[in-house]
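These notes are about the structure you will find just below.
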Amino acid sequence: MILLVYIYFSLFIFVFVSLWKALKYAKMPMHSRWELYPVPKETGERAKYGGSYFEDYQWWAKPREVSHVGELKEMLKEMLFIKNLFVNQRPFWWLSYTMHLGIYFLGVWTILLGVGALTEPSGLPSFIYYATLISGSVGALLTALGSIALILRRFTDTTLRKYTTPQEYFNLLFIFAVVITGMMVWVGDPGFNYGRMIMKGLFTFTPFTHGGVLTVHIILLGALLVYIPFTKMSHYVGKYFTFHKVLWENEPNLRGAKIEASVRKALSYQPKTSWSAPHINNKGN
Amino acid sequence: MKNLKPQDMGKRTEQLVQLGKLMDLPAPYDQPGMEPPLTVPKDAWKEKHCTTLDGYVGIDTLIRPQTKAEEEQVVNSFLSGLAKIFSDDVNRNFLQPLVLSIKYCAKCNTCSEACHIFKASGGQEIYRPIFRSEVLRKIVKKHLTKSGKMLGSLVGADIDINWETIARLGELAYRCNLCRRCAQACPLGLDNGLLAREIRKIFSQEMGIAPKPLHEKGTMLQLKTGSSTGLTKPAFLDMLEFMEDDIFAKTGKKIKIPVDKKGADILLTHNAGEFMTWPDNPAAFAVLFTEAGLDWTLSSDMIGYDNVNYGLWYDDVQARRVAQEQFKVAKQLGVRRIIIGECGHAHKASAVSMDRITVGEDKIPVESFLPLLWEMVNRKVLKLDPQKNNFPVTLHDPCNVVRMMGVVKPQRQILQAICPQFREMTPHGVNNYCCGGGSGFAIMQSMNFPEFRKQVGSRMKFRQILQAFQGSMDPGTPKYICAPCSNCKGAIRDILEFYHTTEKFNIHYGGLVELVVNALVDIEKPFLEFLA
């Protein structure tokens, strides 16, 4: 029972803190424009070569065109394939993507376990069974391989080692430990039946039986879920803002435009403190 | 120092790095003796300034303290400013991008390969974009976070915070051109350029320390006299008269340059450095605008005749003050729009960075001159003969115009229409390399800083220029680098002089409008002097 509550708690913290972080970023004051081209929400060819509406003669007199599809496409490329790393640093991408792809597979596996738990009483569909088997095994192997490879790469590369803190090794090691304990459980239960059992327990608030290795695995996984949102491993939140709200945010402030009200509000803010340099409070002298 | 790490920034050594083997240059600059050796800093500079980073002095107002108390005062002042950049009270304009860039670096080091300064230096560790950011991150961790105070080196809070650390970090913020090429490459969308700029802001806004050419002789002078060049209104008006005479002598066209014309369609603004150093550029604008029959004007009002905004590079408060005055001029004249001439950072300042400091009636639309110029060329408003420009021409993309603003195509369309031998640099467009003069470097002339700019900062650009003209290096063939930006022109002028490239290989530089005027059918003599 304690373990069940622990899982609820871990999941809650993971979701709650992630959302709280997202909300914190979303509520930050409007910043100065700081876009960087290419901006994928520009239309047509411009999104590719990095052009913008500023290329139009009298751009401000023309209707603003935005390609949300283009933005979504670029976002998916970055989310699903880590495109920027692929383009700019292929050797590192192989390692990083191995781990991330593994995590994505494990995400799918978790959903499939849930679906399996719901459908099992009326007979588990075989494709769900096999999809679970494939996603779980591939996910675990890739995540384990990727995380240990990243640790080794960071440790053996003289440049990366200079910039890697003990905490950053720990983060990777933590992921590796969770996956390895999961794989140890999997060895004794190749069909992931324990996973569906846990899911059933979570859906019905029913305690489940658990052996020693499974207990260790659940404790580690729960701890990881609690830990992630407090660290930079929560870049799944930050990345949305760096791209959408900073680098791709090029909404012009035109007279009568929708953004004007927000700008007006931002401009009305009166700071309570000040910078200390002499010229700040002594304009032009 | 061997195997240098960010933690070493606080160590009391004479100089962290000594530049040696730089990136190779292509032929004919791949031969020995084509480049003077790097120098060492003078003892007097070592005593007075911070030369302990790489031997160069970028911040001429950063003075080495004489007593322990003075040292502590500098450190405390920095730490006070550090806390302020994370404040949602005084740093609202950059809080979100700053926090994101500080928090999420995955240390993948992708940024290094994108940085022209790191590459040009032969891979010096301190010039990796992540090196500077990591020093800042460590100070933030140590001074501002609970985890850093409790766990120290385990979470990366392992750096000594003393005068040397702070002074070196300040200097290091002026080894970045703020070109943001590294941010384009970052898989997490983080921005080392922004972090360098935030360090500059702490120095200026909190500590009152900024390079003289940017602050005292830059924004402060501009707010006082109207221009960072010191150009006053009477001198400006005299200059225009001289320019009208010069236009007549060169083109045979009698032009009256409109000044302070109320209710004009266009307020054209220039970098005042153009009037002083490259008057052919504003003259060419005058010829083309008159030829096209545009309803335009210049302003002789305080700040109206100088569109620069050096605040963009180091100080938000100054940037805003300058921009407010510039926008006020446009409003008072009652113009319909502001057109920015050939100045890259003025493009970014007026159209992008300062876009959200005015609303309602105060908001006057800002445009780049490039779409307008392409409109004039494309609609054949101007009668042009491309054969007059039949020599190799390459284009330098000012970072502020392309990467920061997305104006990429019009300048290419113009060059393709009027220059039969136009060729691109590699890479170009939004992937271009900075000229090495960006973020104030072009005007920072104190002590040995120009050496750093010319031999390291501008090195990648010089390589690109040479590569663009490979096969045409014969001194009998004139060649032209089109650089539609004052600061870029300044940096390119300096490298061409430094490497004697003009005298040896007949390579020239200038703006875009000069090429267009040179192609005008009804002008008898070449407008470009090197063709005369």
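Among residues of the range B:365-381 being without any contact (Cβ under 8 Å) to a residue 60 or more places away in the chain and more than 9 Å from every other protein chain (Cβ to nearest Cβ), the one that is least open to solvent (accessible area, probe 1.4 Å) is B:378. Within the range B:295-342, if we keep just the residues that are farther than 23 Å from residue B:370 by Cα and β-branched (Val, Ile, Thr), the residue that is least open to solvent (accessible area, probe 1.4 Å) turns out to be B:322. If you go through the range A:234-278 and keep only what is in a helix (DSSP H, G or I) and small (Gly, Ala, Ser), you end up with A:234, A:238, A:261, A:262, A:266. For the range A:33-41, the condition holds for no residue, the condition being that it is without any contact (Cβ under 8 Å) to a residue 12 or more places away in the chain, of a type outside the set (A, V, I, L, M), open to solvent by 20 Å² or more (accessible area, probe 1.4 Å) and more than 8 Å from chain B (Cβ to nearest Cβ).
Screening the candidates A:263, A:246 for the property of being at the interface with chain B (Cβ under 7 Å from one of its Cβ atoms), hydrophobic (A, V, I, L, M, F, W, C) and in contact with a His (Cβ under 9 Å, 6 or more places away or on another chain) yields one hit, A:246. Scanning the range A:43-60 for residues that are more than 7 Å from chain B (Cβ to nearest Cβ) and out of contact with any Lys or Arg (no Cβ under 9 Å at 6 or more places or on another chain), we see that the one that is most open to solvent (accessible area, probe 1.4 Å) is A:48.
Per-residue answers, yes or no, for (1) over 22 Å from residue B:303 (Cα atoms); (2) of a type outside the set (S, T, N, Q); (3) touching a Leu at 6+ places or on another chain (Cβ under 8 Å):
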{"residue": "B:242", "(1), (2), (3)": "no, yes, no"}
{"residue": "B:246", "(1), (2), (3)": "yes, yes, no"}
{"residue": "B:252", "(1), (2), (3)": "yes, yes, no"}
{"residue": "B:257", "(1), (2), (3)": "no, yes, yes"}
{"residue": "B:264", "(1), (2), (3)": "no, yes, yes"}
{"residue": "B:267", "(1), (2), (3)": "no, yes, yes"}
{"residue": "B:278", "(1), (2), (3)": "no, yes, no"}
{"residue": "B:281", "(1), (2), (3)": "no, no, no"}
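Put simply, of B:229, B:297 the only residue that is under 18 Å from the mean Cα position of the chain (by Cα) and of a type in the set (S, T, N, Q) is B:229. Looking for something open to solvent by 40 Å² or more (accessible area, probe 1.4 Å) and in contact with a Leu (Cβ under 6 Å, 6 or more places away or on another chain) - is there at least one such residue anywhere in the range A:148-159? The answer is yes; a qualifying residue exists. Hey, could you check the range B:425-435 for residues that are more than 18 Å from the chain's Cα centre (by Cα) and either open to solvent by 50 Å² or more (accessible area, probe 1.4 Å) or without any contact (Cβ under 8 Å) to a residue 12 or more places away in the chain (or both) and say which is nearest to the other protein chains (Cβ to nearest Cβ)? In this case the residue turns out to be B:427. When the range B:335-364 is filtered for residues that are small (Gly, Ala, Ser) and either facing chain A (nearest Cβ under 7 Å) or closer than 22 Å to residue A:264 by Cα (or both), the ones remaining, listed by number, are B:349, B:350, B:351, B:353, B:360. The set of residues from the range B:112-143 being in a loop (DSSP other than H, G, I, E, B) and more than 19 Å from residue B:9 (Cα to Cα) comprises B:115, B:122.
The condition of being away from every other protein chain (no Cβ under 14 Å), surrounded by fewer than 18 Cβ atoms within 10 Å (Cβ to Cβ) and modelled with pLDDT of 95 or more holds for only one of A:173, A:145, A:118, that being A:145. When the range B:77-111 is filtered for residues that are among the polar types (S, T, N, Q) and either touching a residue at least 60 places away in the same chain (Cβ under 8 Å) or more than 8 Å from chain A (Cβ to nearest Cβ) (or both), the ones remaining, listed by number, are B:77, B:80, B:91, B:93, B:101, B:110. Residue count for the range A:50-59, restricted to those that are in contact (Cβ under 8 Å) with a residue 60 or more places away in the chain and not in a helix (DSSP H, G or I): 1.
Of all residues in the range B:148-187, count the ones that are small (Gly, Ala, Ser) and outside any helix (DSSP H, G or I).
2
Take the conditions (1) surrounded by fewer than 24 Cβ atoms within 10 Å (Cβ to Cβ); (2) under 20 Å from residue B:127 (Cα atoms); (3) within 14 Å of chain A (Cβ to nearest Cβ); residue B:212 misses just one of them, which is (2).
Listed by first and then second residue, the pairs linking a residue in the range B:267-289 that is outside the structural domain of residue B:487 (by TED's automatic domain parsing) and farther than 14 Å from residue B:309 by Cα to a residue that is part of a loop (DSSP other than H, G, I, E, B) and of a type in the set (Phe, Trp, Tyr), with Cβ atoms under 8 Å apart and 6 or more places separating them unless they lie on different chains, are B:275/B:305; B:280/B:527; B:284/B:527.
Of all the residues in the range A:91-110, those that are open to solvent by 30 Å² or more (accessible area, probe 1.4 Å) and either under 21 Å from residue A:192 (Cα atoms) or modelled with pLDDT under 95 (or both) number 10.
Would you say residue A:47 is small (Gly, Ala, Ser), within 22 Å of residue A:262 (Cα to Cα) and either assigned to a helix (DSSP H, G or I) or touching a Pro at 6+ places or on another chain (Cβ under 9 Å) (or both)? So residue A:47 does not fit the description; no.
Within the range B:390-419, the set of residues being of a type in the set (S, T, N, Q), within 14 Å of chain A (Cβ to nearest Cβ) and in a loop (DSSP other than H, G, I, E, B) comprises just one member, B:400. Against the numbered list (1) charged (D, E, K, R); (2) open to solvent by 70 Å² or more (accessible area, probe 1.4 Å); (3) part of a helix (DSSP H, G or I), residue B:88 comes up short only at (3).
In the range B:51-78, which residue that is in a loop (DSSP other than H, G, I, E, B) and charged (D, E, K, R) is surrounded by the fewest Cβ atoms within 10 Å (Cβ to Cβ)? Among them, the one singled out is B:64. Filter the range B:137-189 down to residues that are more than 13 Å from chain A (Cβ to nearest Cβ) and of a type in the set (Asp, Glu) and give me whichever is most open to solvent (accessible area, probe 1.4 Å). Across the range B:137-189, the extreme among qualifying residues is B:160.
The values are calculated or read from the model by the stated rules, or taken from the named source; none is laboratory data. Small disclaimer: the values here were computed from a predicted structure and weren't measured. For neighbour counting, all protein chains shown are included, and Cβ atoms are generated from backbone atoms with ideal geometry for every residue, glycine included. These area figures cover heavy atoms from the full protein model, side chains too; ligands, DNA and RNA do not enter into them. Shrake-Rupley method; radii C 1.70, N 1.55, O 1.52, S 1.80 Å.
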